[in-house]
Structure formats: C-alpha cells, structure tokens
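Input: a single structure, listed below in structure tokens.
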Amino acid sequence: MKILAIDTSSKNCSVSIVEVQENKKFNIIAQENSDDERTHSVKLMPMVDDMLKKSNLSLNDIDLLACCLGPGSFTGIRIGIATIKAFADAKNIPTVGVTSLESLAYNIKNAENVCSIIDCKHNNVYCAAFSKENEQYNQTVENISNNIEKVLDIVKEKMSLCKITFVGDGSILYKELIEEKFAEYDISFAEDNIQSGISLAKSAYFKFIQGKAGDSNNISPLYLRKSQAELLNKQ
C-alpha cells in the first residue's frame, strides 16, 4: 500500500509518500519539508508534483490519501484538506484524516504514553494524550484547547502516575512548567517536535485498517478555537 500524506497545519509544509509492506514495515519512498516564507498554497502542489516525478509515480499508484485535519493554522488546514479532496475526487482514492496531535505522537518510536502539545499563542495550547498498544497510539486524553496551566492540570488529573513523553513545540516552550507540574512523574521530552508527513502516514495507515477510510466527505477541518480574525471581530 502506498500512502500520500500532506500536513499543512503548521509553518512546516510536509509531504511524504510511504509504502506499507505486509509486515507493517513503513518504507519511505519520498519526503519533503519546507518552512520557507512562501505560503502553503504556493509551495504545496510543486512539492507533491516533484516527489511523484522523482519517485516515478503518479496519483494512479497511490492507494490512500492522508491529510492533517488540525488543530493548527486555519488557512493551512483548509489548503491541505482541499488538495486531498481534489485528488480523492479525481482518482477515486480513499482518504483518512488525522489530527496534528495524533500525528505528533507517531514521531515517538518507543513510548508507553505520549502527550502532544502545540503552542497556539498567548499562553494557550492544543493538547491530547495517547497510549501505545500493538504499534498503534490510542487516544487517552481528548483534544483540549486552553491555557497551558489548565491543560497540564487536566492531563495530570486524567493520567495516573506513569511514564510520559512530551512532544510538540508547546512542550519545548513550556518545558520548565511541565517539569514542575509533573515532578513526581517519570517524564521525558522528544527530540523531534516537527509535524511530519511520515508520522501522519503511519497514523493514517492504522486508521485505514480499522475501517476509518472513506471518500472526500470523510475529512473536514478540526478547529478547537476561534480564528484570530473571529476573536478580533468580537472585540
């Protein structure tokens, strides 16, 4: 199975083509990341086209399309989802949507529990937690958007004293606070905190084998908070 995965929910635009072999081994055919100043709407399609050409593949060779649903950049999320929907409708390829928080968990290869934290400015974060079973991460703490202090209190309340790996740019930004809040826990911090099309593809595969794939109507944006424009409009 070949998976084309697109993540445009953060500053980093990430695209990957991953092949899943029978033993569930993930073979990276191609990957590209770009965090330059160009908008995702400008750089996404050339990245996809370039990777397909370098891999001697076309959309006809893709078995599953995966995209990030958010939370994250409102504009970026819409661009990624619209692109995947167009590919799915044009070639009748099944789609799977994955949250940015779940995708981040797959940056961690070996961890019993992972807490993903993404900064969304003004001391607010997006957060969720996952536990690993049979190579797959299952969500244990629902998607949250709130002040970092409140979020960490919720995570601590819902997760018993255990070993936790924190991942995401929010875990870097609020590392000292996390260490203080979870002083009695066995915690660690991920080295790879960038959202990746490869991690997205891995998560999408496990959702696919659970029967969670569908047509283009299967994917829609996940917004955990109002956009900055909406917030300003209310002032």
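The values are calculated or read from the model by the stated rules, or taken from the named source; none is laboratory data. It should be emphasised that the depicted structure is a prediction, and the values quoted were computed from it without experimental measurement. Ideal geometry is used to build each Cβ from the backbone, glycine not excepted, and the neighbour counts take in all protein chains shown. With ligands, DNA and RNA removed, areas are computed over all heavy atoms of the protein, side chains included. Shrake-Rupley method; radii C 1.70, N 1.55, O 1.52, S 1.80 Å.
Does the stretch 45-61 contain any residue that is of a type in the set (S, T, Y), free of Cβ contacts under 8 Å to residues at least 40 places away in the same chain, closer than 23 Å to I219 by Cα and open to solvent by less than 70 Å² (accessible area, probe 1.4 Å)? Checked against the condition, which is being of a type in the set (S, T, Y), free of Cβ contacts under 8 Å to residues at least 40 places away in the same chain, closer than 23 Å to I219 by Cα and open to solvent by less than 70 Å² (accessible area, probe 1.4 Å), the stretch 45-61 yields at least one hit. Checking S100, S41 one by one, the residue that is within 28 Å of F182 (Cα to Cα), in contact (Cβ under 8 Å) with a residue 24 or more places away in the chain and either in contact with a Phe, Trp or Tyr (Cβ under 8 Å, 6 or more places away or on another chain) or surrounded by fewer than 19 Cβ atoms within 10 Å (Cβ to Cβ) (or both) is S100 and no other.
Against the definition (free of Cβ contacts under 8 Å to residues at least 60 places away in the same chain and farther than 21 Å from L200 by Cβ), how does K156 come out, yes or no? Taking the combined requirement at face value, the residue satisfies it.
For beta carbons closer than 7 Å, sequence separation of 6+ or different chains, a first residue in the stretch 104-124 that is in contact (Cβ under 8 Å) with a residue 12 or more places away in the chain and aromatic (F, W, Y) and a second that is part of a helix (DSSP H, G or I) and buried (at least 18 other Cβ atoms within 10 Å of the Cβ), the qualifying pairs are Y106/S199; Y106/K202; Y106/S203. Of all residues in the stretch 140-164, how many are open to solvent by less than 90 Å² (accessible area, probe 1.4 Å), farther than 19 Å from C120 by Cβ and not in a loop (DSSP other than H, G, I, E, B)? Residues flagged as open to solvent by less than 90 Å² (accessible area, probe 1.4 Å), farther than 19 Å from C120 by Cβ and not in a loop (DSSP other than H, G, I, E, B) within the stretch 140-164 amount to 3.
Which of the residues belonging to the stretch 136-164 are of a type in the set (D, E) and over 17 Å from E102 (Cα atoms)? Of everything in the stretch 136-164, those that are of a type in the set (D, E) and over 17 Å from E102 (Cα atoms) turn out to be E149, D153, E157. Residues of the stretch 1-27 that are part of a strand (DSSP E or B) and open to solvent by less than 40 Å² (accessible area, probe 1.4 Å): I3, L4, A5, I6, D7, C13, S14, V15, S16, I17, V18, V20. Quick one: is S73 open to solvent by 10 Å² or more (accessible area, probe 1.4 Å) and touching a residue at least 60 places away in the same chain (Cβ under 8 Å)? Criteria met by S73. Considering the conditions (1) without any contact (Cβ under 8 Å) to a residue 60 or more places away in the chain; (2) outside any loop (DSSP other than H, G, I, E, B); (3) under 29 Å from F26 (Cβ atoms); (4) open to solvent by 20 Å² or more (accessible area, probe 1.4 Å), E191 is excluded by exactly one of them, (2).
A single entry from G168, G97 fulfils the requirement of being within 16 Å of A5 (Cβ to Cβ) and either of a type in the set (K, R) or in contact with a Leu (Cβ under 9 Å, 6 or more places away or on another chain) (or both): G97. Total residues in the stretch 28-65 satisfying the condition of being assigned to a helix (DSSP H, G or I), at pLDDT below 95 and of a type in the set (S, T, N, Q): the figure is 1.
Taking the criterion of being farther than 19 Å from S199 by Cα and outside any helix (DSSP H, G or I), the only residue of the stretch 165-180 that qualifies is Y174. Among the residues of the stretch 165-188, those that are surrounded by fewer than 16 Cβ atoms within 10 Å (Cβ to Cβ) and of a type outside the set (V, I, T) comprise K175, E176, L177, E179, E180, A183, E184, D186, S188.
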